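Colleague: This is the structure, below, for whatever I ask next.
The values are calculated or read from the model by the stated rules, or taken from the named source; none is laboratory data. Worth saying up front: this structure is predicted, and the values here are computed from it rather than measured. Reconstructed Cβ throughout: ideal geometry from the backbone, glycine too, with neighbour counts over all protein chains shown.
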Amino acid sequence: MKARWFLATTFFCAWLLPHIASAQAIPGSQTARKYVAVVTRTNRLDYLLYLPQNYGTDSSQRWPLVLFLHGAGERGSDLQKVAIHGPPKLINAGKQFPFILVSPQCPEGQVWDDGALIGLLDELQSQLSVDPKRIYVTGLSMGGYGTWALAQKYPQRFAAVAPVCGGGERIRALLPTQKEALKTLGVWAFHGGKDNVVPPSESERMIEALQQAGVTDLQLTVYPEAGHDSWTEAYNNPKLYEWLLQHQR
């Protein structure tokens, strides 16, 4: 009897939904309509992966992870372009870091996709010895925008963030969906005082919005003589990495 009731209910709902969705529009009046669609897609991100020198020597050890997002000029299919700037550039020059570094490449003609990046983090956490309390994100220019977006939409996933010469949607900070997680997020932004590509006001307005949202671990460093390239000085500063690693979620 229960099975028959389930089938009847299913049939009734299947009949009812399209009738609701296709309610006839009447000229001169306002009618309620509904749009429903199932969207499927494939996310693909090629990335550079750096593991610390002692990674794997102790199977019980969990490591911090830093997600680095490059700028618009490094998009495409040549993965080595990702190492032109930032932490992956330093690694190619011989720098050793005490954390896992993940540097994905944004496909040509696109901008950073939050869902794809979170999916990448999910996969890496399932495959690598990652400390879930010590995950960080930083990026420059377009990657700075990507960093701000991740910080606002998924603050609970990160212990601290460091956007460089980027900007974001101020309204997302003022109306956060994860209020308490955002309030406890560490934020250190960087910008060039003479940046004529992304004005320093972009970082300033985001800092102001986060202050209004109740974020307290918040700072902005402006290099007075730097143009758009504020990332060289920012990523060459060892204090940035020390600051990141001090934070836990």
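Colleague: Can you confirm whether segment 209-218 contains a residue that is touching a Cys at 6+ places or on another chain (Cβ under 8 Å), among the hydroxyl-bearing types (Ser, Thr, Tyr) and either more than 24 Å from ASP131 (Cβ to Cβ) or assigned to a loop (DSSP other than H, G, I, E, B) (or both)?
Modeller: As a first pass, look at segment 209-218 and keep what is touching a Cys at 6+ places or on another chain (Cβ under 8 Å): none.
Taking every residue of segment 209-218 in turn, none turns out to be touching a Cys at 6+ places or on another chain (Cβ under 8 Å), among the hydroxyl-bearing types (Ser, Thr, Tyr) and either more than 24 Å from ASP131 (Cβ to Cβ) or assigned to a loop (DSSP other than H, G, I, E, B) (or both).
Colleague: Moving to a separate point now. In segment 219-248, how many residues are in a helix (DSSP H, G or I) and not charged (D, E, K, R)? Can you show your working first?
Modeller: At the first step, the residues of segment 219-248 found to be in a helix (DSSP H, G or I) are 231-235, 238-245.
Add one more test, that the residue is not charged (D, E, K, R), and what stays is 231-232, 234-235, 238, 240-241, 243-245.
Going through segment 219-248 one residue at a time, the tally reaches 10.
Colleague: Right, another one. ARG249 is checked against (1) under 17 Å from the mean Cα position of the chain (by Cα); (2) surrounded by fewer than 21 Cβ atoms within 10 Å (Cβ to Cβ); (3) at pLDDT 95 or above and fails just one. What number does that condition carry?
Modeller: (3)
Colleague: Could you list, in sequence order, all residues of segment 134-160 that are within 9 Å of the chain's Cα centre (by Cα) and β-branched (Val, Ile, Thr)?
Modeller: Hits for segment 134-160 are VAL137, THR138, THR147.
Colleague: Look at segment 50-69 and say how many of its residues are crowded, with 18+ Cβ neighbours inside 10 Å and either of a type in the set (Val, Ile, Thr) or farther than 23 Å from GLN127 by Cα (or both).
Modeller: 1
Colleague: Identify, please: which residue in segment 31-63 is modelled with pLDDT of 95 or more and aromatic (Phe, Trp, Tyr) and is, among those, nearest to GLY119 (Cα to Cα)?
Modeller: Of everything passing the filter in segment 31-63, TYR47 is nearest to GLY119 (Cα to Cα).
Colleague: Tell me, which residue of segment 179-220 that is among the charged types (D, E, K, R) and at pLDDT 95 or above is nearest to GLY73 (Cα to Cα)?
Modeller: Applying the first criterion (among the charged types (D, E, K, R)) to segment 179-220 yields 179-180, 183, 194-195, 202, 204-205, 208, 217.
Keeping just the survivors that are at pLDDT 95 or above gives 194-195, 202, 204-205, 208, 217.
Working: LYS194: 20, ASP195: 16, GLU202: 20, GLU204: 24, ARG205: 25, GLU208: 29, ASP217: 31 Å.
Looking at the filtered set, the residue picked out is ASP195.
Colleague: Would you call ASP217 touching a residue at least 40 places away in the same chain (Cβ under 8 Å), farther than 18 Å from PHE68 by Cβ and either of a type outside the set (Ser, Thr, Tyr) or buried (at least 16 other Cβ atoms within 10 Å of the Cβ) (or both)? Before you say what the answer is, go through the steps one by one.
Modeller: Details: touching a residue at least 40 places away in the same chain (Cβ under 8 Å): yes; farther than 18 Å from PHE68 by Cβ: yes; either of a type outside the set (Ser, Thr, Tyr) or buried (at least 16 other Cβ atoms within 10 Å of the Cβ) (or both): yes.
It is true that ASP217 is touching a residue at least 40 places away in the same chain (Cβ under 8 Å), farther than 18 Å from PHE68 by Cβ and either of a type outside the set (Ser, Thr, Tyr) or buried (at least 16 other Cβ atoms within 10 Å of the Cβ) (or both).
Colleague: I'd like to check something: does segment 86-97 contain any residue that is surrounded by fewer than 21 Cβ atoms within 10 Å (Cβ to Cβ), in contact with a strand residue (DSSP E or B) (Cβ under 9 Å, 6 or more places away or on another chain) and of a type in the set (A, V, I, L, M, F, W, C)?
Modeller: Yes, segment 86-97 has at least one match.
Colleague: Would you confirm, using the coordinates I've provided, whether LYS133 is surrounded by fewer than 22 Cβ atoms within 10 Å (Cβ to Cβ) and either within 20 Å of CYS165 (Cα to Cα) or free of Cβ contacts under 8 Å to residues at least 24 places away in the same chain (or both)? Break it down into steps so the answer makes sense when it comes.
Modeller: Values: surrounded by fewer than 22 Cβ atoms within 10 Å (Cβ to Cβ): yes; either within 20 Å of CYS165 (Cα to Cα) or free of Cβ contacts under 8 Å to residues at least 24 places away in the same chain (or both): no.
When the stated conditions are applied, LYS133 does not pass them.
Colleague: Any residue that is surrounded by 18 or more Cβ atoms within 10 Å (Cβ to Cβ) and over 17 Å from the mean Cα position of the chain (by Cα) - is there at least one of those in segment 104-122?
Modeller: no
Colleague: Another question, if that's okay. For segment 196-204, does any single residue satisfy the condition of being polar (S, T, N, Q), under 23 Å from GLY115 (Cβ atoms) and surrounded by 15 or more Cβ atoms within 10 Å (Cβ to Cβ)?
Modeller: Of the residues in segment 196-204, the ones polar (S, T, N, Q) are 196, 201, 203.
Now restrict to residues that are under 23 Å from GLY115 (Cβ atoms): none.
No; the residues of segment 196-204 include none that is polar (S, T, N, Q), under 23 Å from GLY115 (Cβ atoms) and surrounded by 15 or more Cβ atoms within 10 Å (Cβ to Cβ).
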